[in-house]
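Reviewing the structure listed below.
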Amino acid sequence: MRWLYRDWRPTRLARVLNRISEWLAAAGLPPRSMVALEVTGRSTGRIRTTVLVMPQYGGNCYLVSMLGNNSSWVRNARANPDAVIRHGRRRSVRLVEVPASQRTPVLKEYVRIAQSGRRHFPVAPGAPLSEFDTIADRYPVFRIDPC
């Protein structure tokens, strides 16, 4: 993980790999859970693109921040919840932050499907929900609603 992230920020190598992943996700290539998220920058107003894993739970799709509350896309989504999800096609969406008390099952599903993201979580994929409940306030979760 040190090669890709230092002080919870992506290194130059991670930024290059993220650009490649963004292109693959936007083109709609597998895996289906990988998407490119476009949000408006909170200070610049420019479109910022991030590749994310989109877990599904209870009939809804979600986005999870593996880097926690200080992730740039999280701060941008909180400032402007209107966004675009790209996976083969563009879809305008609204991101609704899920309260910490309701994040637990989504976090468990995220850790199960996000192979690279699970390294950032101090909980094993097979851990009981009670362990995920203890970290839920540190990892923001956004429900994806259609516009």
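The values are calculated or read from the model by the stated rules, or taken from the named source; none is laboratory data. The structure displayed is predicted, hence computed values, not measured ones. Using ideal geometry, Cβ is built from the backbone for each residue, glycine included, and neighbour counts are taken over all protein chains shown. SASA here: full protein model, heavy atoms, side chains in, ligands and nucleic acids out. Shrake-Rupley method; radii C 1.70, N 1.55, O 1.52, S 1.80 Å.
Key figures for this structure:
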read-out	value
Neighbourhood net charge (11 Å Cβ-Cβ; Lys/Arg +1, Asp/Glu -1) for GLY41	+3
Residues in segment 25-41 reached by a label modelled at ARG19 [backbone nitrogen below 20 Å; 7 Å Cα→Cβ]	25-29, 35-39, 41
Percent accessible area from carbon and sulfur atoms, segment 20-133, protein chains only, probe 1.4 Å	49
FRET efficiency estimate (nearest 0.05) - Cβ-Cβ, SER130 to ARG48, R0 35 angstrom	0.50
Rough spin-label spacing in nm, given labels placed 7 Å along Cα→Cβ, for SER92 and ARG9	3.5
Probe 1.4 Å, accessible area per residue of the chain, Å²	58
Helix-derived mean residue ellipticity, 222 nm - over the chain, DSSP H n ≥ 4, -39500 (n - 2.57), to 500	-8500 deg cm²/dmol
Size of charge dipole - segment 1-115 - debye, nearest 20, with Cβ of Lys, Arg +1 and Asp, Glu -1, no other charges	260
